[in-house]
Amino acid sequence: MRIQLELRQGHFYDFKPGWFRIRPPTKTFSELKGLVTHFGLHTVCQEAHCPNMAECWSGGTATFMVLGDTCTRGCKFCAVKTGNPKGVVNAEEPSLLAQCVKAMNLLGKERISYVVITSVDRDDLPDQGAGHFASCVREVKNANRDIRVEVLTPDFRGNPDCVRTVVDAFPDVFGHNLETVRRLQGKVRDPRAGYEQSLSVLAAAKEINPNLLTKSSMMLGLGETEEETIEAMKDLRHAGVDMLMLGQYLRPSAFHVPVAEYMPPEKFNKLKLAGESLGFRYVAAGPFVRSSYRAGELFVKNILRK
Ligand code: SF4
């Protein structure tokens with residue numbers, strides 16, 4: 001589908017096809033959001049302007065972004081602020097995160113049973129934030145007994161020791177995004193990121209703990225062909241990846257890489273079937289799917305109950 005561009009009052013607006021219907025936020029969602037602000041935490045949902053916020057949170061999945069809101073990278077598809085945090089890290093964050101999750105569940109409405117912890121890239125830190133990431137996992141798990149934690153990590157420049165630091169904190173799912181197909185990496189991602197590097201991070205996590213479930217995600221509609229997408233899916237399977245998320249790239253602003261195509265739902269369904277035939281334990285594919293889209297529900301439905 002070709003896109004039409006409309007600029008108004010500095011807001012960037014992309015005409016989107018009919019299948020893009022955003023769900024309105026619930027009251028509980030606003031209460032949860034209030035708690036996040038109260039504890040001085042960030043969510044990738046808010047930073048990346050994710051359209052699924054209300055749905056995910058109301059479904060018991062909350063996604064937190066740790067290590068601040070400023071990334072040392074500058075990927076051309078991402079709305080997260082980039083810059084140099086100069087080594088600053090909030091040492092209280094792991095315990096604040098644990099308390100926030102606990103408080104969310106004390107609200108007594110929809111239970112937060114699944115927490116996704118992601119972060120900006122911190123090339124300014126000696127361990128690129130791996131130690132802090134691991135502390136966040138441990139604190140959340142220690143303070144919230146039956147909670148499941150998924151991590152969505154940076155590439156740590158492919159350093160297996162950093163990967164081991166996070167894996168040894170025993171998350172339930174280890175995620176790292178390939179983002180796009182091999183040919184488009186340079187066009188879409190920060191030059192410090194890379195296809196083989198991201199695959200090596202996922203393979204390292206599986207090697208360190210073969211029982212650990214691994215997950216990756218790709219945005220579609222950036223100009224890739226179906227063959228290239230399937231090739232990338234095969235490479236992810238080869239790296240031992242269990243779960244795959246395929247979603248539509250949405251352009252955050254006129255300064256970000258343009259949308260090449262709005263993929264219709266039927267194309268996503270075709271790729272979902274291709275992914276299942278390649279052996280992924282589950283593939284979530286659709287215009288609204290994001291890395292941690294309804295992560296908790298999909299985990300329970302496709303991993304625990306199968
Ligand atoms: S590394 Fe992640 S947070 Fe940073 S700019 Fe790239 S996608 Fe955004």
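The table for this structure:
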item	result
The listed residue being closer than 30 Å to Thr225 by Cβ and in contact with a Phe, Trp or Tyr (Cβ under 8 Å, 6 or more places away or on another chain), out of Val166, Val173, Val137	Val173
Strands (runs of 3 or more DSSP E) contained in segment 81-178 and holding at least 3 residues among the hydrophobic types (A, V, I, L, M, F, W, C), within 16 Å of the ligand (Cβ to nearest atom) and surrounded by fewer than 16 Cβ atoms within 10 Å (Cβ to Cβ)	none
Arg183 open to solvent by 10 Å² or more (accessible area, probe 1.4 Å) and either small (Gly, Ala, Ser) or touching a residue at least 12 places away in the same chain (Cβ under 8 Å) (or both)	yes
Number of the exception - Ile303 against (1) of a type in the set (A, V, I, L, M); (2) surrounded by 18 or more Cβ atoms within 10 Å (Cβ to Cβ); (3) in contact with a Leu (Cβ under 9 Å, 6 or more places away or on another chain)	(2)
Pairs, first near the ligand (Cβ under 10 Å from one of its atoms) in segment 55-73, second modelled with pLDDT under 70 and small (Gly, Ala, Ser), C-beta under 9 Å, six or more apart	Met65/Ala48
Test: Gly186 is modelled with pLDDT of 95 or more and not polar (S, T, N, Q)	yes
Helices (runs of 4 or more DSSP H) wholly inside segment 181-259 containing at least 1 residues that are under 23 Å from Arg164 (Cβ atoms)	195-208, 226-238
Pairs, first in contact (Cβ under 8 Å) with a residue 60 or more places away in the chain and over 20 Å from Lys86 (Cα atoms) in segment 112-128, second in a loop (DSSP other than H, G, I, E, B) and within 16 Å of the ligand (Cβ to nearest atom), C-beta under 6 Å, six or more apart	Val116/Ser292
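Conditions tested, residue by residue: (1) basic (Lys, Arg); (2) at pLDDT 95 or above.
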residue	(1), (2)
Val88	no, yes
Pro94	no, yes
Met104	no, no
Tyr114	no, no
Asp124	no, yes
Asn142	no, no
Arg145	yes, no
Gly158	no, yes
Thr165	no, yes
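The values are calculated or read from the model by the stated rules, or taken from the named source; none is laboratory data. Note that this is a predicted model, so its numbers are computed, not measured. Backbone-built Cβ (ideal geometry, glycine too); neighbour counts: all protein chains shown. Accessible surface is based on the protein model in full, side chains and every heavy atom, while ligands, DNA and RNA are left aside. Shrake-Rupley method; radii C 1.70, N 1.55, O 1.52, S 1.80 Å.
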